[in-house]
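Structure record follows, encoded as structure tokens.
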Amino acid sequence: MSESSGNIEDPVKIELFRLVLKTRMTEDRIIALYRQGKIVGGVYTGRGVEATTVASALALEKKDYLFPIHRDLGAHLAKGQTILNILLQYLGKGNNLTKGKESGIHFSDRSLNIIGNISHLGAMIPVAVGVALSLKLQKQNSVALNFIGEGGSNIGDFHEGLNFAAVQQLPFVLIIENNQYAYSTPVEKEYRARYLSDRAKGYGIPGYHIDGTDAIKVYQTVKEAVERARSGKGPALIECKSFRMVGHSAHDDAFYVDKELRKKYEKKDPLIKLEKYLLKNNILDHDSVDRIRQEIAEKIEDATEKAIESPLPDPEWAYGAIYASNSDRMAYGD
Ligand SMILES: Cc1ncc(C[n+]2csc(CCOP(=O)(O)OP(=O)(O)O)c2C)c(N)n1
């Protein structure tokens, strides 16, 4: 765990642990429901990247905007999303946030300032930058934080979005979640640079390359970048290096992954690392860890039961909310 972790308060470190554990356990439940045939469609999990997703989102304030992508359940949870809403979404229930439309990974929650993932990799960046522009123009003192994978970072939108954010000095933070594989493509076939964060120099903004398995280091770095952006000093690019400990999605056994690399990163499992750090430094004892685990397990049981009992959407609803209603148009002044 990072040497400089001393200036983060212990309750924040405990909250990081609770959220990383909650993410891991919730995703394990989602996988179990998928294997039981209760969830259909793609299930993309973040085992190995939870320290990056959780700590980045926890560094935000309530009024800040979060733009997560497909592997970022931890970010949803850290921004305040409930396990029940997440399971309702994955199970496609009629009482979920999209009333049964959209899959598990594409949903928004405007009440938490979480904006749903655009499936086309990279396409989210200019949208998040546009939101950052509007936050600046409206003097909202809020920041937009967006994730992109190292694979997705090679798309043109990355350049256009980041360049515009830099030129306009927008309150925007971009996290590159470098988990070393884009589906089955290893990094040496994705880009030639040593560090993707070096690209920041080309935009005239700060770039950081950090250990994305170290939740405390990620929290510290992102917090600084977010507060810098909030104070009007412009965007930052943060590359968090980690490892995707599972396949691209639940159907993929990741047979193509380098075995030595896997072994190396199993020792850096973000959850185990954080737990060991908290125990070693007497921030938590074994009983408290067990208690936290038990509390989360109960919440997951309760949410699973409620989500399974919830009704599927009314088939008629397939034709609903396709076009804006008159009242929506009036609300937007059209
Ligand atoms: C433009 C585009 N191309 C391909 C895909 C299909 N796709 C979804 S995720 C993914 C892998 C992305 O890798 P990376 O950006 O490194 O993120 P990771 O999945 O490793 O977290 C691919 C190819 C897509 N959604 N959008």
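For the stretch 246-254, the condition of being within 28 Å of Ala144 (Cβ to Cβ), surrounded by 14 or more Cβ atoms within 10 Å (Cβ to Cβ) and not aliphatic (A, V, I, L, M) holds for at least one residue. When the stretch 128-155 is limited to residues that are outside any loop (DSSP other than H, G, I, E, B) and within 16 Å of the ligand (Cβ to nearest atom), the one that is farthest from the chain's Cα centre (by Cα) turns out to be Asn154. Note on the stretch 114-123: among residues that are under 20 Å from Ala55 (Cβ atoms) and out of contact with any Lys or Arg (no Cβ under 9 Å at 6 or more places or on another chain), the one that is nearest to the ligand (Cβ to nearest atom) is Asn117.
Consider Tyr44 carefully, then state whether it is out of contact with any Ser or Thr (no Cβ under 6 Å at 6 or more places or on another chain) and either crowded, with 22+ Cβ neighbours inside 10 Å or more than 30 Å from Asn281 (Cβ to Cβ) (or both). When the stated conditions are applied, Tyr44 does not pass them. Taking the conditions exactly as written (assigned to a loop (DSSP other than H, G, I, E, B), out of contact with any strand residue (DSSP E or B) (no Cβ under 8 Å at 6 or more places or on another chain) and over 25 Å from Glu301 (Cβ atoms)), does Lys93 satisfy them or not? No, not satisfied. From the list Ala51, Ala55, the lone residue that is within 16 Å of the ligand (Cβ to nearest atom), of a type in the set (A, V, I, L, M), within 22 Å of Asn178 (Cα to Cα) and part of a helix (DSSP H, G or I) is Ala51. Note on the stretch 197-252: residues that are more than 16 Å from the ligand (Cβ to nearest atom), touching a residue at least 40 places away in the same chain (Cβ under 8 Å) and out of contact with any Gly (no Cβ under 8 Å at 6 or more places or on another chain) total 18.
Name the residues in the stretch 156-191 that are assigned to a strand (DSSP E or B), within 10 Å of the ligand (Cβ to nearest atom) and either in contact (Cβ under 8 Å) with a residue 60 or more places away in the chain or of a type outside the set (A, V, I, L, M, F, W, C) (or both), would you? Result: Ile176, Glu177, Asn178, Tyr181, Thr185. Return yes or no: is Glu50 surrounded by 21 or more Cβ atoms within 10 Å (Cβ to Cβ) and touching a Leu at 6+ places or on another chain (Cβ under 9 Å)? Yes: the conditions hold for Glu50. When restricted to residues that are of a type in the set (A, V, I, L, M, F, W, C) and either surrounded by fewer than 23 Cβ atoms within 10 Å (Cβ to Cβ) or not in a helix (DSSP H, G or I) (or both), the stretch 69-82 contains 1.
Restricting attention to the stretch 185-199, the residues being buried (at least 19 other Cβ atoms within 10 Å of the Cβ) and within 21 Å of the chain's Cα centre (by Cα) number 2.
Every read-out reported here was derived from the displayed coordinates using simple, explicitly stated rules and does not represent laboratory data. For clarity, every value in this text was computed on a predicted model and none was experimentally measured. Positions of Cβ are generated from backbone atoms using ideal geometry, with glycine treated the same way; all protein chains shown enter the neighbour counts.
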